[in-house]
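Below you'll find the structure, written out as structure tokens, and then a few comments.
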Ligand code: TRP
Ligand code: ZN
């Protein structure tokens, strides 16, 4: 991603270099070339863009839930990783009303999911330079249908909407480098009619109401992948409390919860267990990675699934404890340690499923071995190897979850000793905290930590196409 365009040694380029050398923040003055349109993800090759690295998104949204329309301003702060003549952001639907780069009007073009910005002639995006793109946009954000048939993007709900972005849907409501490999900090401000709430990731500021509209502001200081960004708009009962768990690792963080009023009474008991679950997981997986936690509980009909939106997972109706444990485990596995590409999904779902196995073992006395055996016997888990789903439609399928969890348990058996196994898990979440990791990173990490060649374990459980003979 850091290849440099050779400097063209013309007199004017040399002059431009001389002039730009004295401008702070700009190194070199070559024209550059367009950043890549697409990061060649194995399943979604067009997602994401090359030539820059986003450090911060500032999103200001004005939403009309009745019309399901919004008006937005996205300020994207990014560092050029090559000399850029133009670059792309991912955005589907909506109308781009105007754009600037470094304060000067930029030329805008659209093709498919690519929004292309070409900076004004006076703006140089040299490698290493941090630039700011401001995109003003409006319209009715779309709902997308995933390869697996589920709905994502901007979903209409009974009294508002919810934005869910796994794997691609965030590009329906803001322009971004829409690939998990480019994580960034966020500030998200959402204005809605008074009486509705807008709940997002991170920590809230006090809402401000003026002229019948209320603005909710959310700050996400830790890096977040675009697929984990959310905004839920509706009639919510909200609570903001300090985590009073005394476990140390999760104590003191803020717990912000929002439950749709239609399900608020039924949600109270499970929401009250969040501090317990976070502390229980922190003891096994290492320190909770974010400044706040919580949950958003919508209507059962909002989406067919829960999602591990950063800081506070989204649930379509009150979850049971197992599902809460699963989505909270993703805060470590997925949200903090984020897949390098969509092929590495089992690192999310395998660990989140394993967290459920650990939970029922601890709370209900069901041995992990029983959960393993049930998953082992289930033919659905053997459709394909977890580290190599055949198509984009498969990244949410049982082998990624159930067999992914079997991989984790096989690692545990290889390690043998429980104290050493949990030290290894904590070391993993620490090594890639707030970053990205691939399957190759995981296997290399485990082999280094154990000092063993585990190639047979990987070839059987991660990559093997057939079910091995059951163990005695
Ligand atoms: N990650 C979600 C979970 O297990 C499930 C999910 C929702 C999903 N949308 C997806 C998985 C798209 C893969 C792709 O909690
Ligand atoms: Zn999951």
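Some points to look at:
- Restricting the search to strands (runs of 3 or more DSSP E) fully inside region 148-220 and requiring at least 1 residues that are out of contact with any helix residue (DSSP H, G or I) (no Cβ under 6 Å at 6 or more places or on another chain), closer than 19 Å to residue 240 by Cβ and outside the structural domain of residue 52 (by TED's automatic domain parsing) gives an empty result.
- Filtering region 182-207 to residues that are buried (at least 20 other Cβ atoms within 10 Å of the Cβ) and more than 15 Å from residue 231 (Cβ to Cβ) leaves 182, 183, 184.
- Top-ranked residue of region 329-347 - restricted to ones that are within 19 Å of residue 398 (Cα to Cα) and part of a loop (DSSP other than H, G, I, E, B), ranked as nearest to ligand 2 (Cβ to nearest atom): 330
- Check on residue 339, at pLDDT 95 or above and within 20 Å of residue 400 (Cβ to Cβ): yes
- Check on residue 326, within 13 Å of the chain's Cα centre (by Cα) and within 10 Å of ligand 2 (Cβ to nearest atom): no
- The residues of region 77-130 that are over 21 Å from residue 31 (Cα atoms) and outside any loop (DSSP other than H, G, I, E, B), listed by number, are 90, 95, 96, 97, 98, 110, 111, 114.
- Unmet criterion (only one of (1) within 15 Å of ligand 2 (Cβ to nearest atom); (2) surrounded by 23 or more Cβ atoms within 10 Å (Cβ to Cβ); (3) farther than 22 Å from residue 151 by Cα) for residue 295: (3)
- Filter result for residue 324 (within 13 Å of ligand 1 (Cβ to nearest atom), closer than 30 Å to residue 41 by Cα, part of a helix (DSSP H, G or I) and not assigned by TED's automatic domain parsing to the domain that holds residue 427): yes
- Filter pass, residue 353 being within 15 Å of ligand 1 (Cβ to nearest atom) and either in the same structural domain as residue 48 (by TED's automatic domain parsing) or assigned to a strand (DSSP E or B) (or both): no
- Residue check for residue 305: within 19 Å of the chain's Cα centre (by Cα) and within 23 Å of residue 222 (Cβ to Cβ): no
- The set of residues from region 302-315 being modelled with pLDDT of 95 or more, within 22 Å of residue 265 (Cα to Cα), part of a loop (DSSP other than H, G, I, E, B) and within 11 Å of ligand 1 (Cβ to nearest atom) comprises 303, 305, 306, 313.
- Count of residues meeting criterion [in contact with a helix residue (DSSP H, G or I) (Cβ under 9 Å, 6 or more places away or on another chain) and within 14 Å of ligand 1 (Cβ to nearest atom)] in region 272-301: 1
- Among the residues examined, residue 370 does not qualify as over 13 Å from the mean Cα position of the chain (by Cα), touching a residue at least 24 places away in the same chain (Cβ under 8 Å) and away from ligand 1 (no atom under 11 Å from the Cβ).
- Residue under evaluation residue 358, criteria (1) outside the structural domain of residue 295 (by TED's automatic domain parsing); (2) within 13 Å of ligand 1 (Cβ to nearest atom), criterion not met: (2)
- Residues located in region 131-141, provided they are surrounded by fewer than 18 Cβ atoms within 10 Å (Cβ to Cβ) and not in a strand (DSSP E or B): 140
The values are calculated or read from the model by the stated rules, or taken from the named source; none is laboratory data. Worth saying up front: this structure is predicted, and the values here are computed from it rather than measured. Using ideal geometry, Cβ is built from the backbone for each residue, glycine included, and neighbour counts are taken over all protein chains shown.
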